[in-house]
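Enquirer: Handing you a structure now.
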Ligand SMILES: N[C@@H](CCC(=O)N[C@@H](CS)C(=O)NCC(=O)O)C(=O)O
């Protein structure tokens, strides 16, 4: 049995959706980041980096969305995670996931948690402003990547889930979203999927938060 640790609406939603898409049997455990539960000893034994997501398997724990998604693809099939069977499609999806995780997410962290980048309060506003400016550029690139179908090809993948998670964060951060119509349309297609609806329900989120 798998145990999945997530926080509602956090980046862990990307792996949560993949678990639901693959119909992988699992227990889901909510970790409140607002209450600091990620720093509790019990959770640090699961992920010493104090971050969600974390997936506890029978043979060990996997952390980091990209690692969890590739694990799910190999173990349960590629639905909603990373394509299998076509090396280019798999690489293209991992490329998008890596950009989301190491570039776009980090710019959000600058905006939300400048204290992670410097202990000096005097520079926090500048760090946040830098994150906001970087995000505008990343959002333009993301909107340009969105077409009629899915980001990594004909198949829905975790890259599409990431885009939807970021769309909700951007809305909450009061960006002008009217300039990203293709990204908005992609997000609508993502949140209509039955497995995504189930994941949102489990995390206590509503479709209205993505529009
Ligand atoms: N690179 C990691 C990032 C994980 C991460 O930063 N998770 C955030 C939630 S979106 C977290 O747990 N933050 C806890 C904190 O900031 O204290 C991944 O992709 O899994």
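Enquirer: Would you confirm whether or not segment 91-107 contains a residue that is more than 15 Å from the ligand (Cβ to nearest atom), modelled with pLDDT of 95 or more and farther than 30 Å from residue 131 by Cβ?
Expert: no
Enquirer: In segment 62-80, which residues are assigned to a loop (DSSP other than H, G, I, E, B) and either over 14 Å from the mean Cα position of the chain (by Cα) or within 14 Å of the ligand (Cβ to nearest atom) (or both)?
Expert: 64, 77, 78, 79
Enquirer: Among the candidates 91, 40, 126, 122, which residue alone is over 20 Å from the mean Cα position of the chain (by Cα), farther than 21 Å from residue 173 by Cβ and assigned by TED's automatic domain parsing to the domain that holds residue 166?
Expert: It is 122.
Enquirer: Can you name every residue in segment 81-107 that is part of a loop (DSSP other than H, G, I, E, B) and crowded, with 17+ Cβ neighbours inside 10 Å?
Expert: At the first step, the residues of segment 81-107 found to be part of a loop (DSSP other than H, G, I, E, B) are 81-86.
If the condition is that a residue be part of a loop (DSSP other than H, G, I, E, B) and crowded, with 17+ Cβ neighbours inside 10 Å, then 81, 82, 83 are the ones that fit.
Enquirer: For residues that are assigned to a strand (DSSP E or B) and surrounded by fewer than 20 Cβ atoms within 10 Å (Cβ to Cβ), scanning just segment 51-61, find the one that is nearest to the ligand (Cβ to nearest atom). Spell out the reasoning first.
Expert: We begin by selecting, within segment 51-61, every residue assigned to a strand (DSSP E or B); these are 54-56, 61.
Filter once more, so that each one left must be surrounded by fewer than 20 Cβ atoms within 10 Å (Cβ to Cβ): 56, 61.
Values: 56: 15, 61: 13 Å.
Here the residue is 61.
Enquirer: Quick check on residue 156: is it assigned to a helix (DSSP H, G or I) and surrounded by 16 or more Cβ atoms within 10 Å (Cβ to Cβ)?
Expert: no
The values are calculated or read from the model by the stated rules, or taken from the named source; none is laboratory data. Predicted model only: the values in this text are computed from it and were never measured. Counting neighbours? That spans all protein chains shown, and the Cβs are built from the backbone with ideal geometry, glycine included.
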